[in-house]
């Protein structure tokens, strides 16, 4: 490769595990990886969704496994990791996109609800990264953070705290796992998924404010995030680690017209 060439922005030929890969952003990433030529395991807690998504991945040409996984259960993650390595030969990419949310303000949120969100969104990312790193010799971890990690959003106190922790964890993990494993995060903005669709009714104040501020004038969709994941997981990003890649239509620039 000469000075003017670079590796393709592609995950073709790689093996990826997407935790939280049966819905929302995780599912879009899993499908995009498979369409690009990767073998993908999309894991979550729901057997029916795991089976459904596995069928979609096979239709896209991916070799896959049907493995349920609960990031709050360490042994569950060990079983997922070992199945992936032992049956597919290696794991090149781990995507951490577990989902848990509690739409309550600080005064109303219970300690149990706070703990549930952090246990999934933050501690789950730690567990999965730690366990997969034990067997990854040359790979990439892509964590799903959020615009909420550094922007005040009403009724998302636990979610925002967890995602802020994911960003800090990503930076530290990138240093500790280098040079064998790169660790980066994607910071999505306002993305419409099953979990958020009710919040983005076109007649709502929130919808109007978001679309006025976003450069493209629309709410994002999960597919908007998938391309960023392909870049970070690809061999085109060998010098990228500890990075936070915003996919938010320029929302965090804070510009108003």
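No lab work stands behind these numbers, since they all come straight from the coordinates. If you're wondering where the values come from, they're calculated on a predicted model, not measured in any experiment. Here the Cβ positions follow ideal geometry from the backbone for every residue, glycine too, while neighbour counts run over all protein chains shown.
Some observations on this one:
- Ranked by the mean number of other Cβ atoms within 10 Å of their residues, highest first, the peptides 179-190, 124-135 come out as 179-190, 124-135.
- All Cα pairs of the stretch 11-144, percent lying beyond 22 Å: 32 percent
- With Cα atoms, 0 to 90° folded angle of helix 222-233 axis to the chain main axis: 40 degrees
- For the stretch 1-59 and the stretch 82-115, distance of Cα centres in Å: 17 Å
- Using the empirical formula 2.2 N^0.38 Å as the baseline, the Cα radius of gyration of the chain reaches a ratio of 0.98.
- Degrees between helix 47-59 axis and first principal axis of the chain (Cα, 0 to 90, nearest 10): 60 degrees
- Two-site FRET efficiency, residue 48 against residue 90, from Cβ-Cβ distance with R₀ of 45 Å, rounded to 0.05: 0.95
- DSSP-defined antiparallel bridges as percent of all bridges, the chain, nearest 5: 0 percent
- Residues 87, 192 arranged by fewest to most Cβ contacts within 10 Å: 87, 192
- C-alpha long axis of helix 124-133 to longest principal axis of the chain, angle in °: 20 degrees
- Cβ-based exposure ranking for 231, 239, 159, in which fewest neighbours within 10 Å come first: 239, 231, 159
- Two-site FRET efficiency, residue 130 against residue 151, from Cβ-Cβ distance with R₀ of 25 Å, rounded to 0.05: 0.30
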